[in-house]
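**Student:** Let me begin by handing over the structure; questions about it come next.
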Amino acid sequence: TPSVGFRFLGSAEIALLADEAARSRLPLLGSMLPLELPESAATRELSQEERAAATQELLVRLLGERLQVQRPCVLLIDDAHRMHPSSWSLLRALLATSSHSLLVAIAHNPAAAHPDVGDAAAA
């Protein structure tokens, strides 16, 4: 299996890296992962809204590729009342596009619950 540093790439990551469009958007993950990738031509000119949408699309694709390989999968979200709206949007997109075995368990403080807790539970 090809490796980067000490981390081994699985078939999900290899499939993603084989796609030029996805590969050119990897710098978008630098804001949330310890990646030091220079901006690409595909990401340099994106507006804030386009950046957010492209990042979410890339994350949903990456997680979807992983779910094809590792299933069933459990996603545990603790302190959901503290989640940012963009994280709720990502979760909804993942649930809407995933056709794989995925169990999502959400723990939150009902007294401080974010309105999106109910929306995500309904998805």
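The values are calculated or read from the model by the stated rules, or taken from the named source; none is laboratory data. The model shown is predicted, which means the values in this text are computed figures rather than measured ones. FYI the Cβ positions are ideal-geometry reconstructions off the backbone, even for glycines, and counts take in every protein chain you see. Side chains are part of the model used for accessible areas, which takes the heavy atoms of the whole protein and leaves out ligands, DNA and RNA. Shrake-Rupley method; radii C 1.70, N 1.55, O 1.52, S 1.80 Å.
**Student:** Yes or no: A113 open to solvent by less than 70 Å² (accessible area, probe 1.4 Å), in contact with a Ser or Thr (Cβ under 6 Å, 6 or more places away or on another chain) and at pLDDT below 90?
**Tutor:** no
**Student:** Okay, moving on. Using the structure shown, decide if A53 is small (G, A, S), touching a Leu at 6+ places or on another chain (Cβ under 8 Å), on the phi < 0 side of the Ramachandran plot and in a helix (DSSP H, G or I).
**Tutor:** no
**Student:** When you scan the range 22-48, how many residues do you find that are under 15 Å from R61 (Cα atoms) and open to solvent by 40 Å² or more (accessible area, probe 1.4 Å)?
**Tutor:** Matching residues across the range 22-48 total 2.
**Student:** Tell me yes or no: at least one residue of the range 46-69 is within 15 Å of the chain's Cα centre (by Cα), of a type in the set (S, T, N, Q) and over 25 Å from H108 (Cβ atoms).
**Tutor:** Yes: one or more hits.
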